[in-house]
Structures are given as C-alpha cells and as structure tokens.
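Only one structure is covered here, and it is reproduced in the block below.
The values are calculated or read from the model by the stated rules, or taken from the named source; none is laboratory data. Note that the structure is predicted; figures quoted are calculated from it, not measured. Methodologically, a virtual Cβ is constructed for each residue, glycine included, from the backbone with ideal geometry; neighbour enumeration extends over all protein chains shown. Quick note on the areas: whole protein, heavy atoms, side chains included, nothing else; ligands and nucleic acids left out. Shrake-Rupley method; radii C 1.70, N 1.55, O 1.52, S 1.80 Å.
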Amino acid sequence: MADAAGVSRSTAARSLGNYGTVDPALRARVLQVARTLGYRRNALASSVSSGRSCTIGVVISDVEDPHFARAVRGIIDAARDRGFDVILANTDEKLQAERAAVKVFLDKRVDGFIVSPSSGMISTHLDEILQMPRPLVLIDRFLPAPDSDWVGADDYASTCAVIERLAGEGHRRIDLVAATSRSVDEIEQGISQPISPIAQRIQALRDATAALGVRYRLHTGAMSRDSTRQVVRAALDAPDPPTALLASYSEIALTAFQELQQRGLSVPGDLSLVSLDDAQWMTVSSPAISAVQRPSYEMGVRAAEVLLARLAGDGPTGRRHTLPNLIIDRESIGAPRATAESSNP
C-alpha cells in the first residue's frame with residue numbers, strides 16, 4: 001500500500017487511520033490507492049496503533065421518536081464524513097439501561113459519547129466518561145453536571161413566543177400538558193426536575209403568563225396514550241377549562257386532537273391547540289396544527305461536529321450550543337369563542 005502510493009508506511013497508516021498530521025494531497029493519494037486496491041482497514045489493529053477506534057457511542061432515549069431519529073441521522077451523516085462509525089443504544093427512557101449502555105461503550109473503547117440523558121438530575125455514570133477521559137456531548141437534554149458540551153434547542157424562547165401569540169388573540173387561560181412523570185406539586189415546589197426541554201417549557205409558561213397577565217395550569221403524567229387521554233379529559237372537564245392547550249410533544253397533541261374530535265369540539269373555534277414539537281401529521285390534519293419545529297437533524301450534525309472537534313483537540317470555546325426553533329403558525333390558533341363573538345356585531 002505505502003509503496004504503491006509512494007509514501008512511507010507511517011504516512012499511509014496516518015492517512016488510513018485518520019489520525020496525526022498528513023499533507024492533504026498525500027492523504028488523498030493514499031485513499032485513492034486504497035480504493036483502487038480494494039483495501040479494507042483493520043479496525044482493531046488501527047485502534048491499537050493510534051489509540052483511536054474511530055467510533056462514536058450514541059445513547060438515545062427513544063429511537064422511535066421522530067425527533068431523535070432525525071438527530072441520529074444527522075450524527076451519522078456528520079460522523080461518516082469524517083471517517084467515524086456510530087454505535088447506537090436505545091434506553092427507552094430508563095436510567096439503568098443508559099448506565100449499561102455507557103459501560104458497554106466504555107468497554108468497547110469508543111472515542112467519544114453523544115448522550116440524550118433519561119434523567120434530569122442523575123449523572124454519576126456520565127462522570128465516568130470524562131474521567132477516562134473521553135469527550136461527551138449531551139444532545140437535546142441539558143444537565144447541570146458533568147462539565148460537558150450540550151447541543152440543544154431554545155425551547156424557552158419558542159414557548160414564550162407561542163404564549164405571546166395566544167395572548168395576542170385574547171386567550172387568558174392556557175394549559176400545558178407535559179410528558180413527565182413528575183407531579184405538578186413536585187415541579188412547582190422545585191423538589192424534582194423534569195428533563196430540560198420540558199423544564200424550559202414549564203419555566204416559559206410561568207414567566208410569559210405572569211408577564212402577560214394570563215392564567216395557566218400545568219398537567220403532568222402524559223407518559224402513554226391512555227394516560228395522556230386521561231390528563232386531557234381532566235383539563236377539558238375542569239370547572240374553568242382552558243381556551244388554549246399546549247402539548248409538550250407531538251404524540252400528546254395527536255391524542256388531544258382526537259379527544260376534541262370525539263367530543264365534537266372544533267379547533268380553533270372551541271379550543272386553540274399548539275404542539276411544542278412538530279410532526280408530519282399536523283400538516284394534513286383538518287385544521288393543520290400550529291407547532292414549534294425543532295432543528296432535529298441540525299442538532300445531530302452539530303453534536304457530532306462538536307464531539308469530533310474535541311477529539312481533534314480544538315473546538316468551540318463555549319460549552320452550550322443553542323439552536324433556534326421555528327414556530328409554524330398553521331390553522332389551529334384563533335380567538336377564544338367569547339372574544340370572537342363579542343367582536344362580531
């Protein structure tokens with residue numbers, strides 16, 4: 001291989017292993033010769049000689065979630081462009097499964113980690129990654145510790161903007177249905193913290209409604225379709241039901257929309273509905289559902305870029321890498337019925 005490319009064995013090894021310093025023209029020549037000769041890199045031997053496995057361990061809470069599926073695609077595309085492979089683990093939002101995945105990836109000596117934490121508080125197993133040391137990038141969900149990079153979206157700003165939009169239509173009672181097992185009392189008293197995207201949305205709900213003179217009510221426990229339906233029914237059956245309903249995730253919005261249809265309630269005539277997480281079905285429903293579109297794919301690309309930059313010994317100076325959300329105003333926001341009727345002669 002080295003003779004065919006006209007380079008030394010060490011230069012060929014660095015070029016094929018994607019480590020060390022090699023002139024770009026020489027690297028390109030070595031790779032071209034490798035393709036011509038049908039060369040396949042011995043990953044085990046390369047990892048021994050370079051100290052790198054050229055693999056990234058990705059731990060995701062739910063790979064069936066469209067948001068995380070798009071993020072993983074972004075990670076894989078960005079990693080592949082740099083010659084890295086991705087090993088994926090799914091935790092089903094279970095902390096024990098997350099700990100087990102981290103241990104397996106550490107044993108396999110992956111070069112770095114991208115993790116979507118299943119807990120908003122516990123991170124001792126993630127500290128082990130940094131002690132190895134291995135670079136760690138948290139994606140979507142932020143933790144106060146460990147001292148690692150985080151790539152996510154500005155859910156606080158987008159939620160505030162949605163509430164301002166609803167208040168501008170005249171809404172004075174807005175409810176949020178959240179996918180967290182934490183009770184409302186625990187959250188309101190600061191006893192327990194949900195995962196950071198939901199925590200941001202709840203904080204935005206508090207701050208924006210207080211600033212605008214709007215009442216709010218928080219509903220938690222929407223962890224499955226059945227439990228979500230019960231939570232939505234409780235909100236709608238309250239003595240003072242909301243005129244606008246926010247869903248923290250697209251599956252909650254779908255269940256809420258189905259419940260409203262079964263009750264014969266119109267959107268937005270009887271109730272405005274907004275999802276803080278966009279999905280394809282919202283563009284074909286009648287009416288189309290207004291939503292917050294999160295930069296899922298871009299989030300994955302950025303997480304991989306930050307991780308690979310850390311592996312190369314450089315990268316951004318900051319640790320928090322925030323991407324903007326996009327608010328898609330479709331057809332499910334309108335004035336409350338009382339306001340709409342009073343404005344008509």
Residue that is of a type in the set (A, V, I, L, M, F, W, C) and in contact with a Leu (Cβ under 8 Å, 6 or more places away or on another chain), where the choices are Phe142, Phe105, Phe84: Phe84
Hits in the range 321-340 (condition: among the charged types (D, E, K, R) and modelled with pLDDT of 95 or more): Asp329, Arg330, Glu331
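Going through Ser275, Ser290, Ser285 one at a time, which residue ends up being buried (at least 23 other Cβ atoms within 10 Å of the Cβ), touching a Phe, Trp or Tyr at 6+ places or on another chain (Cβ under 8 Å) and under 30 Å from Val63 (Cβ atoms)? Steps first, answer last, please.
Numbers: Ser290 fails: touching a Phe, Trp or Tyr at 6+ places or on another chain (Cβ under 8 Å); Ser285 fails: buried (at least 23 other Cβ atoms within 10 Å of the Cβ).
Of Ser275, Ser290, Ser285, the one residue that is buried (at least 23 other Cβ atoms within 10 Å of the Cβ), touching a Phe, Trp or Tyr at 6+ places or on another chain (Cβ under 8 Å) and under 30 Å from Val63 (Cβ atoms) is Ser275.
Only one residue in Gly83, Gly74 is in contact with a Phe, Trp or Tyr (Cβ under 6 Å, 6 or more places away or on another chain), among the small types (Gly, Ala, Ser) and closer than 14 Å to Leu307 by Cβ, so which one is that?
Details: Gly83 fails: in contact with a Phe, Trp or Tyr (Cβ under 6 Å, 6 or more places away or on another chain).
Residue meeting the stated conditions: Gly74.
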Residue tally, condition outside any loop (DSSP other than H, G, I, E, B) and not polar (S, T, N, Q), over the range 319-339: 8
Members of the range 159-185 that are out of contact with any strand residue (DSSP E or B) (no Cβ under 7 Å at 6 or more places or on another chain), more than 23 Å from Asp240 (Cα to Cα) and not basic (Lys, Arg): Thr180, Ser181
Some residue of the range 295-315 being touching a Leu at 6+ places or on another chain (Cβ under 6 Å) and among the small types (Gly, Ala, Ser): no
Wholly within the range 61-136, helices (runs of 4 or more DSSP H) carrying at least 3 residues that are surrounded by 15 or more Cβ atoms within 10 Å (Cβ to Cβ) and among the small types (Gly, Ala, Ser): 66-81, 95-107
Pairs with Cβ under 6 Å, 6+ apart, first in the range 241-255 and more than 7 Å from Ile174 (Cα to Cα), second in a helix (DSSP H, G or I) and open to solvent by 10 Å² or more (accessible area, probe 1.4 Å): Thr255/Arg225; Thr255/Arg229
Residues that are among the hydroxyl-bearing types (Ser, Thr, Tyr) and either within 21 Å of Arg165 (Cβ to Cβ) or touching a residue at least 60 places away in the same chain (Cβ under 8 Å) (or both), drawn from the range 206-229: Thr209, Tyr216
